[in-house]
Structures are given as structure tokens and as C-alpha cells.
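The values are calculated or read from the model by the stated rules, or taken from the named source; none is laboratory data. Here the structure is a predicted model, which means the values were calculated and not measured. As a convention, Cβ positions derive from the backbone with ideal geometry for all residues, glycine included, and neighbour counts pool all protein chains shown. Heads up: the accessible areas ignore ligands, DNA and RNA and are worked out on the full protein's heavy atoms, side chains in. Shrake-Rupley method; radii C 1.70, N 1.55, O 1.52, S 1.80 Å.
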Amino acid sequence: MGDDDAPDRPDTAAASDPIAGSPLGGRGRSVGRTPACDLCVGLSLHAADFDRSPRYRLGRAAGDDRDGRHQPHGLGDGKSEGTGYCFCCRKVELRMSNFEAGHVVADANGGLPTVNNLRPICNSCNISMNTQHMGEWIQQYMSEKHYRHFISAMLEITDNIDAQGKVLSPGHVVTYDDPDPYLVVAPDKGTADFSDIANEVSEKSGFWLGDAFASGGSIGYDHRKEGITARGGWECVKLHFTEMGSNVQTDPATVIGVGDMSGDVFGNGMLQSKTIQLKAAFNHMHIFLDPDPNPEISWHERKRLFEMEGSTWNDYSTDLISSGGGVYERYAKSIELSPEVKELLGTDEENLKGIEVVRRILQMDVDLLWLGGIGTFIKSDSESDFHVGDQANNEVRINSSECRVKVIGEGANLGLTQLARIELSNNDVRLNTDAVDNSGGVNMSDYEVNLKILLQQMLRKGHINSKQERDELLISATDEISELVLANNRGQHRLISMDSIRSNLNFRLFRKLISHLEEKGMNKRIEHIPSWSELNQLENADMPLPRPVLCVLMAYSKMEVFDALSSSELPLEEELTKYYLEYFPWTVRDSFGENIIDHPLKKEIISTVLTNRITNQAGSTFISRMAHGSEQSIPDVVRTYLVMESSLEAEKIRLIVASCF
């Protein structure tokens, strides 16, 4: 603005210069002095250079209809002491005497203290922003703000438990179901860093779970560090190979994958064996091709990328990629193919588009496909891309008939459609479902929540002296919790393998189970359970039920048993305590002994342990079949099973049998 437009200035610089009266300097703040009028052009809430941007627009003062016009020395209404709101948080009222000039691009990152790079913000936002880009900080701030509101709103309409253990329902909510105060938050992509926020809201609102409300966070189990989701999925991969007569931990195995080494599931998964040969992988940005990798050298390079913050396939050392390989852009218009890559992809083409290379990767003949990235990449031959519902990957998705891998490990969700899984299973591809393979993360979250509830109880009773001691005990149990989780992954995989054999030997048992579960509410169409004619074809061909179908039947069978046990008066309450105690790591049992027997969720924990124990051992059809045949309740069947197991000393027999392998 020109001198003719400048308002009269008082003699005192501090009174007239907004920077002179503001604590500036350091971090992302303005450094030095800027003439007041020039500064106002950039910082006025109505300055035309940013007021027209919907992303950054701030409210005008009441009665002000001057669109984008400069307000001399005022923040909102043109008066000597105008007011407005912080450009970042939009809740702190600013005046000429208290606002600070925050950098859009921090000076540490090359931002200049010019009017175009400055915005009026409050002291709190200025400090919190540090050297972060203002736009990124605002996005993060607003995300956290709305997340707090969302969590607070959920807790306001959720049942609670008071100090005496009485369930309290919110008075302003009309409820039609039974009280249910168990509400927890499990971190996932996008909210993985918000666990501490959720727990803070929980504690401030007086929710009974306190900081057990959200797993993970600063005091909790770090799933990426523990690699628990990938390790759980890898337990299933190991068993697939074992059942094929191979050992993926010691024998060479060719692998293709979806993801990159910075990712939790893909990165951890590709470090589980030092003998695998990762020949090709892709994510949303890059394509990685290594026609003849050295297992040991490539493992160490993958580990380096995993430990590098924010790494991409572009960070992979090209000197360590075998002849003819490289890293390419996924959406490259043309990739020149070396003779080695042509052989790898099974093509005579000299050049292919990036997306065509991705399709070729998915069609490769290898031992293992490890899914650790977002997207659905294989559908059934009968499905259209529209039905899949993942438009971003329509160009690269293949049909199940084009897939030539031997084993699929689903570390990520929805990598295949359920119909594709069924078709692949019928064609001798070994796989489960995503719900089975990557259950380790959710399982560890359950353990963390239940353990925190217990330890908080020990703290209130004086068995733990401080919250710090509680936190140390929680972390000290990490390895034991991880092994309990991995044991559950192995148990469920073996159940599915045994049910596959059982369905081959006695198909009609599983027909009856399907009918029974359908009566209980299972929707065959939604769950893609084979029709009766399809079941007839399998039985006539002497084929087992597909493993993905058995995964679904297992889930519904376990839910029925759990519901029956948790809603009844469990028999043999004292005798069942031993199963309850076995749920917790030895570290906790050894520290508190019998003092831990009064967990608020004891019945649910026992019901979970017994459901998994008996179903994993005896099969998905066992309990419902025994209940129907004996005309007894599920709890009675469970009680009888436990009595017989104890009488026969079945545990000793199992250990003897297991030692033979």
C-alpha cells in the first residue's frame, strides 16, 4: 500500500507497531520489525491475499460488509483496538495488543518474514506449531479437535460404571437394549497417533476404563515396534508352508508383495524370514523389481529401509538390486524392460506402462503373495470391478484365475474379495481370510485393555504403589502378551486346517452347521456361503469346504458359544478360575497371585478362553452338534467337555503327541 493510504502513526513505535508489542522470534515466529501498515495488509483478518481462500477464511466483525478491504491497524472492525480470531485454532480472540505473527512457511524451512508469509495467530498456536508448515499444523489441529469432539460425543451416550461397580446409563438417552458399558478404541491407520487423545478424553469425562479406553499410545503396546499384526499373519504363513512340507524360515521361498518397508505390516512381514527372495513389490507410488535377489543381502537392506523414517522404495540401494532390476514409478507411461525383468514378468514386451507392470507382478508364479498395503487386488472371475468398490485399483486388479501363487498371507484388510478367496482355495491356493491372518493387532489391543483394567484395580487396592509402577509392569509383560497373541493365531489356523480335513471326511456335519448358523442369523448371501448346489458339487468331487468359508463358520460358531457362556451362570466357578488366570501373563500372576481374581470382565474373559480352547481343539461343529444331539445347553456341553478332559488327563496326552513332531 502506498504512503497516501497509510494512517497516521503515534510517536511511540511500541504502540503503533503490532510486532513491537508481540513476543516474536524463534520457532516459526516473525523475526525483526515490519512497518505496521505493511504488516496490516498481510495480517488483517480481511486482507485480500488470503481472506478469499475458503480454507483459511476467518469470521468478520459484526456489521462489517467490506469484502477484502484493508482495516488500518485493526484486526476486525477498523477501530483502534479491533478484534478477530486466531488464524489457526479460530477460538482465541485476538487484539492488536496480543496477536503474534506466525509463519505460513517457518523461517527454519526458508519462510520469509514478509506479509504474504505471515498470519495473525495466538501464542499457544505459535508455540505448538514450532517449525511445522502452518497448513499442515492446521490440518492436524483440526483433525485432533474433531476427534476429541467425536470421542466425547460417543462417551456421552455410552453406559458407564461407577466406583461401586454399578452400571449407569446416560439420563438423556432412550435405550432399547441391555446396558453395555464396554466401549474401547482400537487404533488404525489415520488414528494410530490419537490413542493418548482418546484416553485423555476418557479420563476427563470419568469413563470407567480411564486410560484403558484406547490401546496403544505413549503407555501401551506399540504394534509397529512389536510387529504383532505381521508376526501373527506370518505364523499362518509358516503353517501353510509346513502343511505343504516346506519350512519358510529355512528354505528359499519366492515372494511378491503389496506395500513398502516403511509400513508396519508389510515392513515387519518382510523381515520375518531371512531366506525369502522378494522378487517384486509395489505400493501406491513405486514398483520394486529384483529378478534374482540375494536373500541375506536383501534382508539387511529391507531392514535398513524399515528403520529409516518415511522411507520409500526409492531409498533402496540400487547397487544391491540384482541385474536388470530397479525401482520405477507406478504410473510411469513407459518402463523399459530388461531381459531379466521380461523373464520375471513372463512377457516379450520391450516396454510396459507402470500399471501394466503391476498387473504382471500380481500374475507371477511365486511361492507367496504378502499383502501389506491398501487396496483390493484380486477378484473372482464372476465379479466386476464395480462390485469390488476399489476404483483406485481397477486398472491393476486381476481375476483369481490369473493368480499363480501357492500361498497368500493377508496382513492387510480386503486384499482379495471373499469370492476370490473361495475360488483360489478351490484351486489349491493356501490362504485363510484377512480377519484370521491379521487378527494379532486386535488381539493385542484386547489384552492391553483387559490388563490395564486389572492393574488399575490393583492400584486402587494398594497392591501397586503408583501409576508409574503400573506402567512399568504393563510394559514388562510385552513379550509374554505377544506370545499369547501368536499362540492364538496358530490355534485358529490349525483349527481351520483340521476343519478342512473334517469336512473332507464328513461333509454332512458342515452342511448341518451351515443350516444351524443360518437359523441363528448368519446371512449366507452376505457371507458368500456356497449354495446347496455348490455344496453338492464339492461333496461329489470329494473336496473339502474352502478354507475362507471355514473361517466364516469358525467365527459364527465361536460367537454363538461365547454369547451362550457369557449370558449364563457359568458352572464350576471356582474350577474355571484356572482358565481365567491362564489368560494373563505369568509376570502379572506371579506379582499378585489370587488378588487378580475379581476382574470386572472375568466372566467375559473365561467365556473367551473356553470358547477358543474347546473350539480350537474339537472343531467348529463340535459344540453345536453335541448340544443338539444331547438336547443340552451349550454351557452344559462345555462343562461336560472340561470334566472329561480333566478325567482323561488330556493335556498330558496332547503334550506327548506334540513332542512327536
Worksheet item: Tell me, how many Å apart are the Cα centres for the stretch 86-121 and for the stretch 331-348?
Response: 51
Item to complete: Two decimals is fine: what is log10 I(q)/I(0) at q = 0.09, 0.13 Å⁻¹ for the stretch 430-578, from a Debye sum with one equal scatterer on every Cα and no solvent?
Response: -0.44, -0.77
Worksheet item: Local charge sum around Asp367 (other residues, Cβ-Cβ under 12 Å, Lys/Arg +1, Asp/Glu -1)?
Response: +2
Worksheet item: So, counting K/R as plus one and D/E as minus one, what does the shell of residues with Cβ under 14 Å around Ala541 add up to?
Response: -4
Item to complete: Provide the solvent-accessible area of Phe592, counting protein heavy atoms only and rolling a 1.4 Å probe, rounded to the nearest 10 Å².
Response: 20
Worksheet, complete the sentence: Summing -39500 (n - 2.57) over every DSSP H run of at least 4 residues in the chain and dividing by its residue count gives a helix-only mean residue ellipticity at 222 nm, to the nearest 500 deg cm²/dmol, of -13500 deg cm²/dmol
Worksheet entry | Cα gyration tensor shape of the stretch 483-522, rounded if a/c is under 1.5, else prolate or oblate by comparing a/b with b/c | oblate
Discussion item. Heavy atoms of the protein only, probe of 1.4 Å, neighbouring chains included. What is the accessible area of Tyr328 in Å², nearest 10?
Written reply: 60
Response to the item:
Between the Cα axis of helix 478-505 and the main Cα principal axis of the chain, the angle (0 to 90°, nearest 10) is 50
Worksheet item: Expressed in nm to one decimal, what extension gain is obtained for the pair Tyr331 and Ala153 from 0.36 nm per residue of sequence separation less their Cα-Cα distance?
Response: 59.9 nm
Worksheet item: How big is the shadow of the Cα convex hull of the stretch 134-186, averaged over all directions, in nm²?
Response: 5.3
Item to complete: Round to the nearest 10 and give me the degree value, 0 to 90, for the angle of helix 195-205's Cα axis relative to the longest principal axis of the chain.
Response: 80
Worksheet item: Excluding same-chain residues fewer than 8 positions from Lys274, which lysines have a Cα within less than 30 Å of its Cα?
Response: Lys189, Lys225, Lys238, Lys303, Lys342, Lys406
Worksheet item: Among rounded, prolate and oblate, which fits the stretch 245-382 when a ≥ b ≥ c are the square roots of the eigenvalues of its C-alpha gyration tensor, a/c under 1.5 means rounded, and a/b larger than b/c means prolate?
Response: rounded
Response to the item:
With Cα coordinates, the longest principal axis of the chain makes an angle with the long axis of helix 295-307, in degrees rounded to 10, of 40
Worksheet entry | Residue-span extension gain [Asp385 to Gln249] - 0.36 nm each, minus C-alpha spacing | 45.3 nm
Worksheet item: In Å², what does the accessible area per residue of the chain work out to with a 1.4 Å probe?
Response: 48
Fill in: Measure of compaction for the stretch 524-599 (Cα Rg per 2.2 N^0.38 Å)
1.76
Worksheet, complete the sentence: Contact order relative to length for the stretch 225-315, counting C-alpha pairs under 8 Å separated by 6 or more residues, stands in percent at 27
Response to the item:
Per DSSP, the loop-located trypsin sites (Lys or Arg not before Pro) within the stretch 174-235 having at most 11 other beta carbons within 10 Å are Lys189
Fill in: the chain shape via C-alpha gyration tensor axes, a/c threshold 1.5
oblate
Practice prompt. May I have the count of lysine pairs in the stretch 428-543 with C-alpha atoms under 25 Å apart, counting pairs 8 or more residues apart or located on different chains?
Written response: 4
Worksheet item: How high is the relative contact order of the stretch 504-661, in percent, counting Cα pairs under 8 Å that sit 6 or more residues apart?
Response: 25
Worksheet entry | Sparse-neighbour loop sites [trypsin sites (Lys or Arg not before Pro); the stretch 469-550; at most 11 other C-beta within 10 Å; DSSP] | Arg525
